[in-house]
Amino acid sequence: MNTMEQSQLLERLLHRVEGIESDVWRLRMDFWEWNSGVCLFGIIKAYEATGEKKYLSFLSEWYDRNVEQRKTGSVNTVIPANVALLLLKETGDAKYAAICEEYADWCLNVSLKTTNGGLAHVWSEGGLEDYKNQLWIDSLFMAGLFMLRYGAWSRNEKLLAAGKEQFDIHIRSQFDPEAGLFYHGYHCLEQKPLGEFWGRGNGWAAASLIELIENQGVDSEEGRYVEVFQRLMEKGYQLRLKDGMLRTLPELEEAYPEATATALFGYAALKGVRLGILEHKFEAWGRQTTETLAQHVSEEGIPQSASGGTDCQEKEGYLQVPYTETLYAYGVLFMLYGEAIKLTEESQETADV
């Protein structure tokens, strides 16, 4: 795909999101939660990659409609605060800073921590009582990234250190060095992994790690994150299918191909190449995912082949989660195609020098 085709696909996705009016949780855009939050984060990344004001306008209008309905109480309600951070960067308006500080304080001082200091994966609505004892890899994306992004921008060293500590805790608890993959969850009281090596969960980890590396600088002293990222990406590369897709359980041949895991790894592959920490074979894989996933977006701009919400569970349970239309599928596609455009443009600029 060339950049024009990628831009046109982004336009179709945005047009579809703008037209969604639903009270169904998986498609409820006017909602301060992780599902809408991932979609918003993807639009943020598309704006950062392209600079196109239509993305900024969408985010500003969403914020104005939803800020009074914001909530805390869960790692899953932190990710929408990235919209406030972007608007703060763009305008300097103190009203956005106040919201960012509210969520920074929640992460540091109010959030429920597990016995090993990790962010407990409690939900704002529903969920099991035992979630207070569990780490999920999703939390790095849903809360850890805001801690890093706002911590760096505001020069809040305490928040920044706490964000990196969450990465360290989740890596120690959930990354299997022999497998080169993350477990979906970890039970802190029982001190054992939960679930399987889940595709989207490892995608959350890959995307979160490359964001951390960019946030801290490739040449920083935080080399341990680069090492884990490279090992994870190499494993994903080994497990990719002929068309570049990853399965919902990447190591299991009978598992179905899954779009969101593929998009997140594709994003991480392209960004890793752009930052100079992945070999160029990963650019070929990342480019391949853009070609393949374009075939999984309908003419109306609806992502296909994305699995629904997934709990930590037995292997058979993962295989039974159906494909469905969800806002987070839009978000990870915004990320992927925005990064593809950015890599192409930066490569052209380098070639012209």
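For L56, only one of the following conditions fails: (1) more than 26 Å from G199 (Cβ to Cβ); (2) in contact with an Asp or Glu (Cβ under 9 Å, 6 or more places away or on another chain); (3) surrounded by 21 or more Cβ atoms within 10 Å (Cβ to Cβ). What is its number?
L56 satisfies every listed condition except (3).
For (1) part of a helix (DSSP H, G or I); (2) closer than 23 Å to K192 by Cβ; (3) of a type outside the set (F, W, Y), each residue gets a yes or a no:
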| position | (1), (2), (3) |
| --- | --- |
| A97 | yes, no, yes |
| A104 | yes, no, yes |
| C107 | yes, no, yes |
| H121 | no, yes, yes |
| E125 | no, no, yes |
| Y131 | yes, yes, no |
| F146 | yes, no, no |
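If you go through segment 238-265, how many residues are surrounded by fewer than 17 Cβ atoms within 10 Å (Cβ to Cβ) and over 16 Å from G201 (Cβ atoms)?
Final tally of qualifying residues: 6.
Can you name the residue in segment 113-124 that is loosely packed, with under 15 Cβ neighbours inside 10 Å and in contact with a helix residue (DSSP H, G or I) (Cβ under 9 Å, 6 or more places away or on another chain) and is also nearest to N82 (Cα to Cα) among such residues?
G117
Residue under question is F141, and the condition is that it be in contact with a strand residue (DSSP E or B) (Cβ under 7 Å, 6 or more places away or on another chain), surrounded by 15 or more Cβ atoms within 10 Å (Cβ to Cβ), among the aromatic types (F, W, Y) and modelled with pLDDT of 95 or more; does it hold?
no
Taking the condition of being part of a helix (DSSP H, G or I), surrounded by fewer than 24 Cβ atoms within 10 Å (Cβ to Cβ) and in contact with a helix residue (DSSP H, G or I) (Cβ under 9 Å, 6 or more places away or on another chain), how many residues in segment 167-189 meet it?
3
For segment 14-22, check the following and say yes or no: at least one residue is part of a helix (DSSP H, G or I), closer than 22 Å to F141 by Cα and either touching a helix residue (DSSP H, G or I) at 6+ places or on another chain (Cβ under 9 Å) or not small (G, A, S) (or both).
yes
Among the helices (runs of 4 or more DSSP H) contained in segment 193-296, which hold 2 or more residues that are more than 19 Å from the chain's Cα centre (by Cα) and under 25 Å from M147 (Cβ atoms)?
Helices (runs of 4 or more DSSP H) meeting the threshold: 223-239.
The values are calculated or read from the model by the stated rules, or taken from the named source; none is laboratory data. Since we're looking at a predicted model, the values are computed, not measured. As a convention, Cβ positions derive from the backbone with ideal geometry for all residues, glycine included, and neighbour counts pool all protein chains shown.
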